[in-house]
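Here the structure is laid out as structure tokens; the discussion comes afterwards.
Derivation of every value follows stated rules applied to the coordinates shown; laboratory data play no part. Predicted model only: the values in this text are computed from it and were never measured. Please note: Cβ atoms are built from the backbone with ideal geometry, for glycine as well, and neighbour counts cover all protein chains shown.
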Amino acid sequence: MARAARMSIELVLGQEFFARNMVEIDPDRAALRFWTNGGGNINHWLPVVQTADGLFCTTISPKEGLEAAAIIDLGCSTPLYVDPEYAEANDLFGGMRRGSSASLGVEGVAISQLGRLESLRVGDVVLHDVPFAVPPVWRFAAPMIMGLPLLMRFRCRLAFGRARMQLVRASRSKRPFVRDASGLSVLHAGDHLQVIHVAKDSPAAKAGLHEGDSIIAINDEQVGPGSVQSHRNLGKRPPGTRYALSMLAKDDVELVLEDYY
């Protein structure tokens, strides 16, 4: 975690802490507040249940007439993960164009399918154009996971020990969600970026990039250990952003970001 955040992390609040205390997260003030579980005179609570695998969930609605339990995961950097069987059974892609991305774990490269929900209801709040990812394997009792980019649209009061939570719109709740606009997945390999996946019909595919390619410089900046942070989210910049990519053993290419799914 510390390596990913590029900062020293000296304390991690675990699940038992959240079960014993109410935690308020206010993104507008960039602040945390801790209460005892009996503290706070708050109305409009959402019910929270603990699933068989010990995770805390609430109910959300990914489309009209459909509800699902969603795990509350403050450590997840994806707005919404969906069980592949649930996504297929409920036609969440609905004929829309799909994106894809790759992640590297102990079991090798895993390809997730990417899509967008026209709307997502969480409590009394409806969010629009919400990106979601469908991984190839699902190991959780609930069919969805709400990650930090979605939860940070709200001021959250989490009282898991009393089986409830409250979500109030934060100022950023109506901002567009950031999603990948490149279709390019890379692994930092010292002095180059190794391409591990190129999404079909994506800007990366149009630029002529392929799995196995090596990127040695971006906009004339050499790839190296000091550039990990700046190169991590190339596809999260605004559509229309252009990158001149210097390649190893092939001609340079230009990558132009666009909303491809």
Name the shape class, rounded, prolate or oblate, that the alpha-carbon gyration tensor gives for region 184-256, where a ≥ b ≥ c are the square roots of its eigenvalues, rounded holds for a/c under 1.5, and otherwise prolate holds if a/b is larger than b/c and oblate otherwise. rounded
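Can you show me the helix-derived [θ] at 222 nm for the chain, built from DSSP H runs with n ≥ 4 at -39,500 (n - 2.57) apiece and divided by the number of residues, rounded to the nearest 500. Write out the running numbers ahead of the final one.
Values: 6 runs with 28 residues, N = 261.
One gets -2000 deg cm²/dmol as the mean residue ellipticity at 222 nm.
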Most fluctuating residue given options N233, N219, N21, as computed from a GNM of the chain linking Cα atoms under 10 Å: N219
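Only Lys, Arg, Asp and Glu count, each charged at its Cβ (+1, +1, -1, -1), so figure out the dipole size of the chain about its Cα centre, rounded to 20 debye. Before the final figure, lay out each step's value.
On the way: 28 positive and 29 negative charges, 207 e Å.
Using Cβ point charges on Lys, Arg, Asp and Glu, the chain gives about 1000 debye.
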Quick query: amide H of R116 versus all other amide H atoms, modeled in the peptide plane; which residues come in under 5 Å with a sequence gap of 5 or more or a different chain? F132
Simple spin-label estimate for D191 and R98 in nanometres, 7 Å along Cα-Cβ: 3.9 nm
Note on the chain: contact order normalised by length, alpha-carbon pairs under 8 Å, 6 or more apart, percent, works out to 18 percent
Taking only pairs that are 8 or more places apart or on different chains, how many Lys pairs in the chain have Cα atoms under 20 angstrom apart? 5
In square nanometres and to one decimal, what's the mean projected area of the convex hull around the Cα atoms of the chain? 15.1 nm²
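Highest first, please rank the peptides 186-196, 57-67 by the mean number of other Cβ atoms sitting within 10 Å of their residues. Please report the intermediate quantities before stating the final value.
Values: 186-196: 17.5, 57-67: 15.9.
Per-residue mean Cβ counts within 10 Å order the peptides as 186-196, 57-67.
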